[in-house]
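Take a look at the structure set out below.
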Amino acid sequence: MKYSDLIPVIRRLAIQAGERIMQIYEADDFDVKVKSDSSPVTEADEAADALISAGLRAAFPDIAVVTEEQSASHAERAETFLIVDPLDGTKEFVNRRGDFTVNIALVERGVPTRGVVFAPARGRMFYTLPDGSSVEETGALDPTTPGETNPIHVTRPDNAALMVVASKSHRDQATEDYIAKYRVRDSKSAGSSLKFCLVATGEADLYPRVGRTMEWDTAAGHAVLAGAGGHVVRFDDHTPLTYGKEGYANPFFIAHAPGVELKEA
């Protein structure tokens, strides 16, 4: 599979899934169910998942697809695979707060190398180009016609005055305690994988996550951040966060611009 073949497909599928999600989001009501892990799932999750997974399997039949909403796919073991969260930030969606995203990424040998993050309610679209660099697309976001793109880059942070972003739905005392180790000029809350993208664009310098996540939550944002010059490391020992782990569960992690002087946990 060539990256030049992959990027147009995942871009198109993310936008089409986002359009379907927004149709449901803007309706008067929608169904919300509870999964076995007590997390919510909506008809938007399921509709977006069906669209993306079918599109990926049609375009790349020889590449494994791991997606949050298909538990059978969680048994997949492959060195190279596509990983999908069709609606990241379901709590934000249910509460109509807008900070939800469509995430699609390619993982190769434990590293998310290419990805797309689309926030349909915010009208923001981030992805890696075939060469691995990251951009934000602006304009109409038409699924068949790419618009103008602007390269994105992490900042060179001033460690005496960092901008921090943290989870909107999962911000707890452990997160606050870790943030307190830094000199912070301001902090903001955001939902879903948008937090990776805010670091990638230089709108934030540091995103610590002291809480449960799965690889489909993070892979696309990780790829976008890496393509903008940033890093994602384990919280405990600051080694790179890797993918294809047993059960696809992540440890705690820190996403950051490379100039941030990381504090010990």
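Taken together, the values in this text are just the output of simple stated rules run on the coordinates, not laboratory data. As the structure is a computational prediction, the values presented were derived from the model and not from experiment. Using ideal geometry, Cβ is built from the backbone for each residue, glycine included, and neighbour counts are taken over all protein chains shown.
Here are a few things to note about the model shown:
- Measuring max minus min along each principal axis, the C-alpha atoms of the range 3-151 give extents of 41, 39, 23 Å (largest first).
- The trypsin sites (Lys or Arg not before Pro) of the range 139-182 meeting both criteria, a DSSP state outside H, G, I, E and B (loop) and at most 13 other C-beta atoms within 10 angstrom of the site's C-beta, are Lys181.
- On the beta carbon distance between Arg212 and Thr145, with R0 = 41 Å, the FRET formula returns roughly 0.60.
- Per-residue HN-Hα couplings for the range 57-71 [Karplus 6.51, -1.76, 1.60; θ = phi - 60°; Hz; x = Gly/Pro]: 5, 5, 7, 9, x, 9, 9, 5, 10, 10, 9, 3, 7, 10, 4
- In Hz, Karplus ³J(HN,Hα) per residue of the range 76-84 (6.51, -1.76, 1.60; θ = phi - 60°; x = Gly, Pro): 5, 10, 8, 6, 10, 7, 9, 10, 10
- Longest to shortest principal axis, alpha-carbon extents of the chain, angstrom: 48, 40, 39
- Lysine pairs meeting the criterion (Cα under 18 Å, 8 or more apart or interchain), as found in the chain: 8
- Computed over Cα pairs, the Kirkwood radius of the range 129-204 leads via Stokes-Einstein (1.567 mPa s, 4 °C) to a diffusion coefficient of 90 µm² per second.
- Axis of helix 215-227 versus longest Cα principal axis of the chain: the two differ by about 70°, to the nearest ten degrees.
- Near Glu261: Cβ cut-off under 12 Å, other residues only, Lys/Arg at +1 and Asp/Glu at -1. The net charge is 0.
- Of the peptides 256-264, 86-94, 122-130, the ranking by mean beta-carbon count within 10 Å, highest at the top, reads 86-94, 122-130, 256-264.
- Debye log10 I(q)/I(0) for the range 143-265, one point scatterer per Cα, at q = 0.10, 0.21 Å⁻¹: -0.29, -1.22
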